[in-house]
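What follows is a short report on a single structure.
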Amino acid sequence: MIAAQAGVLFLGVLIWWAVSTQVPADGVPSPVETSGALVALAATGPFWLAVWETVQTFLIGILICIIVGVPVGLAIGRSRLATQSTRLSFDFLRTIPPIAILPLVLLLYGPTPTMVLVMVVLGAIWPIVIQSVYAANQTEPQLDDMARAFQISGWRRITTIFIPGVLPFVLTGLRVGTTICLLLTITGELLGGAPGIGSSIITAQESLNNPQMYAYVVVAALLGLIVNVGFWAAQRRVLHWHPSFRGEGQK
Amino acid sequence: MTTTSATQSAPSGASGEDRPELAAVGLGHGYGDNEVLGSIDFAVARGEFVCLVGPSGVGKSTLLRCLAGLQLPRRGSVQVKGVDMKAPVWGVAVVFQDYSRSLMPWSTVIDNVALPLVAAGTKKKDARVAVLEALEQVGLTRDAAEKYPWQLSGGMQQRVAIARALAYKPSVVLMDEPFASVDAQTRADLEDLMRELQRELDITVVLVTHDIDEAVYLSDRVVVLSGSPASVAEIVPIDLPRERDQITTKATPAFADARARIYGLIRRVPVDTHE
Amino acid sequence: MNARRLRAFGLELWLPVVLVAVWWFASAGSTSPYFPSLQSILAQFASDWLSPSATRNLLPSLELLASGYAIAVIVGGAVGVLLGTVRALEEATRPLLEILRAIPGVAVLPLFIVLLGIELPMKIALIAFGCVWPVLLNTIDGVRGIEPLLLDVAKSYKIGAARRLTSIILPGASPQIFAGARTALAIAIIIMVVAETVGGTGGIGYFLLTAERNFAITSMWGAIVALGLLGYILNILFRLLEGGVLRWHRLLQSRLEAQL
């Protein structure tokens, strides 16, 4: 199977190469040119600075979303009254395309990482909050009964029963949140001009350095891949007991 | 619907000076306008095995939740050794109906069983000893202790739930349809296990079931619930020897008599089931 | 029953009402250039977006969004069914799919410009590329999650491939397909705005960024409100459609929950 997978990947690169030879005037650099540009870039400081800016904004953004969104969501979900009261508001806020506020934050903060960060947090926090509310609603009533019957309370009840129980749902929200977070980070840089991979793509494009532009797009894809794979691995580790991960690695 | 006859009878095996281990006194409960339990009175003596039977929808589980202190009744009270129960108390352990939902899938068997002890402040080492002892009592190996509940069969999972109750060193164990979701052979094994443990450890067991044969086989006395709202139709003493056997005991005339009597009690009163 | 529904309704509504009221009164008589009063924003919104001429900016956006989104759903669904049915193919292409999916949709904008120019085809392709992945991956999961017994039943009754697709595979996978399509919708709107910032004029995204560049702050706020409402309305429409198609799923779900 690995051979087949490698074959398909190779086929993909081959198609890219075929396209690059057909498009006139250096429109599409070949895979070789692109990797050459990438290697050259990797030796420069500005490249790593741009990558670092993007990674930093992404990480801080998702961290703020988690630290604020998860506890708020869980607290709201524990109360029926609070759940009902906030449902419509959250629903509306969730559906506002986060990019709508890009011009506003651009006016307020200029083309800075802060600008991107504000937009990222305001855009990515809603799926996390909403899934956390849902999670706290979905706790197993029989485990609640069990905890009461055996007089398990306070901190221990939270850490051994409540948190593991809500984790699968919270992580579902986090998964959507991270995807949106990365997309918005790159978008904010690309459209708003804040330093990072996004604006580097534009700079390369404006200086008509297509191989370099492609190299940056490849870096963006790699970053996305690392985030996805990392998330999946973390999820499997934390939720090894969950039906969706059971049995894996057992045989 | 008559709140009845056979209620305040003193439990047969109670020694005179002792208060009953567990008692329902004029207990009534309902949800909204729907009265589920009318007025329930019965008492369970120390070391007794009592089953609550009744048609489905009669409110058996509600009654058990009240006895466990998980729900405050609307009327009347539950008394543990003569003291009104306001919340779950130490010494009363519960085995829930659905092992797949009452065991934590994210914790190993040993952690599941240890949790109530650790929460009560038992040292980790002591808890481990108590847990392994309880697992041995229910017939689980050291090997199973390190597994996750969902890696075990249904019958073994229910044994884990029973071990969790035993490790708590309870004087009373409440069980809500504990064998409803296992196959017939496993069910017979678990029934025998419960009787054996109850005598060996000298604990009081109150078990809810809809299965009349199971109730007769297990019990010293059977509390028959019927009507809507439910009340105690009768408390049937079971005249069977202490040593019981799935085949021979169930073939005795005494067994057949008790079963026929309880069938009659449940059938007599028309019940509108809510299912 | 009616009183209870009224109560639930009131419970859901009070917070949005309070929030809007707070915004209204806190911003009334505002002198901040960046935060005009809600009153003036709404007035601007009405004149920009509720007048007959508003269609000039609204229609191109909707057209663009609908075309790109439709392509994504159709292609994602079709390829998803194919990969979901042929397991070997799915496993072989998985790494490539994961890489393509990981590309943030907007990052390929310059690339698409080189390949397809700056006009409508490029914009449609960008939206389709950006939001096809959630549909595709969810469809694969949905098709693979179909109860194998049902497929055995279909085989034993000699039900043909076409009918198997329409009667078993698509309906069976539809809850997952809809979940993917919902995520795709949110992404599609983001990319639509990005796409509208290049090339020809017109569209909400174009209007929004032009307003910002011209420091027409009240117009910009009006466009933010318009975009927010557009997102919300599209979501409600989506939910209505989903509710109709997935009626059986909702009933089954609530039944399962009642049994717990």
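The values are calculated or read from the model by the stated rules, or taken from the named source; none is laboratory data. No experiment lies behind these values; they were computed from the predicted model shown. Cβ placement follows ideal geometry from the backbone for every residue including glycine, while neighbour counts extend to all protein chains displayed. Keep in mind that these areas ignore ligands, DNA and RNA; they rest on the heavy atoms of the full protein, side chains included. Shrake-Rupley method; radii C 1.70, N 1.55, O 1.52, S 1.80 Å.
Looking at B:213, B:176, just one residue is of a type in the set (Asp, Glu), surrounded by fewer than 19 Cβ atoms within 10 Å (Cβ to Cβ) and touching a residue at least 12 places away in the same chain (Cβ under 8 Å), and that residue is B:213. Being part of a loop (DSSP other than H, G, I, E, B), hydrophobic (A, V, I, L, M, F, W, C) and surrounded by 18 or more Cβ atoms within 10 Å (Cβ to Cβ) is true for just one of B:131, B:118, B:58. Which residue is that? Going through B:131, B:118, B:58 in turn, just one is part of a loop (DSSP other than H, G, I, E, B), hydrophobic (A, V, I, L, M, F, W, C) and surrounded by 18 or more Cβ atoms within 10 Å (Cβ to Cβ): B:58.
Taking the condition within 9 Å of chain A (Cβ to nearest Cβ), buried (at least 20 other Cβ atoms within 10 Å of the Cβ) and of a type in the set (Gly, Ala, Ser), does residue C:195 pass? So residue C:195 does not fit the description; no.
Strands (runs of 3 or more DSSP E) wholly in region B:155-253 with at least 2 residues that are assigned by TED's automatic domain parsing to the domain that holds residue B:67 and within 25 Å of residue B:109 (Cβ to Cβ) - which ones?
Details: elements: B:172-176, B:204-209, B:221-226, B:231-237.
Ranges flagged: B:172-176, B:204-209.
The criterion of being in a helix (DSSP H, G or I), open to solvent by less than 10 Å² (accessible area, probe 1.4 Å) and of a type outside the set (Val, Ile, Thr) does not hold for residue C:243.
Applying the selection to region B:84-104, what residues are buried (at least 23 other Cβ atoms within 10 Å of the Cβ), part of a loop (DSSP other than H, G, I, E, B) and within 8 Å of another protein chain (Cβ to nearest Cβ)?
In the first step, residues of region B:84-104 are kept if they are buried (at least 23 other Cβ atoms within 10 Å of the Cβ); the result is B:92-96, B:99, B:102-103.
Within this subset, residues satisfying the condition of being part of a loop (DSSP other than H, G, I, E, B) are B:96, B:103.
If the condition is that a residue be buried (at least 23 other Cβ atoms within 10 Å of the Cβ), part of a loop (DSSP other than H, G, I, E, B) and within 8 Å of another protein chain (Cβ to nearest Cβ), then B:96 is the only one that fits.
Scanning region A:105-117 for residues that are out of contact with any Phe, Trp or Tyr (no Cβ under 7 Å at 6 or more places or on another chain) and crowded, with 20+ Cβ neighbours inside 10 Å turns up A:105, A:106, A:113, A:116, A:117. Screening residue B:107 with (1) open to solvent by less than 30 Å² (accessible area, probe 1.4 Å); (2) touching a strand residue (DSSP E or B) at 6+ places or on another chain (Cβ under 9 Å); (3) facing chain A (nearest Cβ under 10 Å) gives one miss only, at (2). Please determine whether any residue of region C:84-105 is more than 14 Å from chain A (Cβ to nearest Cβ), buried (at least 18 other Cβ atoms within 10 Å of the Cβ) and more than 22 Å from the chain's Cα centre (by Cα). Yes, some residue in region C:84-105 is more than 14 Å from chain A (Cβ to nearest Cβ), buried (at least 18 other Cβ atoms within 10 Å of the Cβ) and more than 22 Å from the chain's Cα centre (by Cα). Of the residues contained in region A:59-67, none is found to be in contact (Cβ under 8 Å) with a residue 60 or more places away in the chain and farther than 30 Å from residue A:125 by Cβ.
Every residue, every condition in (1) more than 10 Å from chain C (Cβ to nearest Cβ); (2) under 30 Å from residue B:115 (Cβ atoms); (3) under 23 Å from the mean Cα position of the chain (by Cα); (4) modelled with pLDDT of 90 or more, yes or no:
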position	(1), (2), (3), (4)
A:66	yes, yes, yes, yes
A:70	yes, yes, yes, yes
A:76	yes, yes, no, yes
A:128	yes, yes, yes, yes
A:144	yes, yes, no, no
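Against the conditions (1) at pLDDT below 90; (2) crowded, with 17+ Cβ neighbours inside 10 Å; (3) within 27 Å of residue A:3 (Cα to Cα), residue C:141 satisfies every one except (2). Of all the numbered requirements in (1) facing chain C (nearest Cβ under 10 Å); (2) in contact with a Leu (Cβ under 9 Å, 6 or more places away or on another chain); (3) farther than 23 Å from residue A:28 by Cα; (4) not acidic (Asp, Glu), residue A:171 misses one, and that requirement is (1).
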